[in-house]
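Take a look at the structure set out below.
The values are calculated or read from the model by the stated rules, or taken from the named source; none is laboratory data. In this text the structure is predicted, and so the values were computed from the model without any measurement. Heads up, the Cβs are rebuilt from the backbone with ideal geometry, glycines too, and the neighbour counts pull from every protein chain shown. Please note that ligands, DNA and RNA were not included when accessible areas were found on the heavy atoms of the full protein model with its side chains. Shrake-Rupley method; radii C 1.70, N 1.55, O 1.52, S 1.80 Å.
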Amino acid sequence: NVSPDMTTTYTVEITSTSGCTATDDVKVTVIGTVEPNAGADIDICDGETATLTATGGDTYLWSTGETTATIVVNPNTTTTYIVEVSNSVSSGTDDVTVTVNGIPDVDAGSDQTIDLGEYVTLSATGADTYLWSNGATQPNIAVSPQQTTDYYVTGYTNNCSDVAQV
């Protein structure tokens, strides 16, 4: 005899005296129970919003006080949101964490003046990886432009970015 609180699958294994083994499953569905799901954890950049969607019931109550299945949040710091999912028979909770990653502060250095044919090294700082407007991906690049040129560098940290120009 079983009395599960939620839908559960039970497996039975039978072994005969001759050593043969067989298994079978039976699923006991509990009618009316909720299966709360707040969704997968999310990473965002500082200043961005995140859309959270809960499923598994008829009514929803988020830790923010909102009562819709889908809410939009804009946290300043990493925050865990809890949702209570209910129907007329039962309720349950789940949570989702929104991790807020800082935006890097990318600096491309001071403007440079060179004579035609000379090289200058441009250096980017403030991020983990870089992409320059000329396609280079190193933080330090040597360039020898034939005319006055603006170089842009996008710096990335935790999928957040900032752009600088020299």
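Using only the alpha-carbon atoms of the stretch 28-134 as identical scatterers, what base-10 log of I(q)/I(0) does the Debye formula give at q = 0.12 Å⁻¹? Values, matching the q order: -0.58.
For chymotrypsin sites (Phe, Trp or Tyr not before Pro), the sites in the stretch 31-126 that DSSP calls loop and that have at most 11 other Cβ atoms within 10 Å are Tyr119. Near Thr78, the amide H atoms lying under 5 Å from its own belong to Val100; only residues 5 or more places off or on other chains count, and H is placed 1.01 Å from N. In this simple spin-label model, placing a label point 7 Å from the Cα along the Cα-to-Cβ direction at both Ser88 and Thr17 gives a separation of 5.4 nm.
Using a probe of 1.4 Å, the accessible surface attributed to Leu61 totals some 80 Å² when neighbouring protein chains are kept in position.
Between the listed residues Thr121, Ala50, Asn37, the Cα displaced farthest toward the positive end of the dipole of the chain, a dipole computed from Cβ unit charges relative to the Cα centre, is found at Asn37. Cysteine residues of the chain whose Cβ has no partner cysteine Cβ closer than 4.7 Å: Cys20.
Dipole size of the stretch 1-147 about its Cα centre, with +1 on Lys/Arg Cβ and -1 on Asp/Glu Cβ: approximately 320 debye, rounded to the nearest 20. Karplus-derived 3J(HN,Hα) values for the stretch 142-147, using 6.51 cos²θ - 1.76 cosθ + 1.60 with θ = phi - 60°, are 9, 10, 9, x, 8, 8 Hz; glycine and proline are entered as x.
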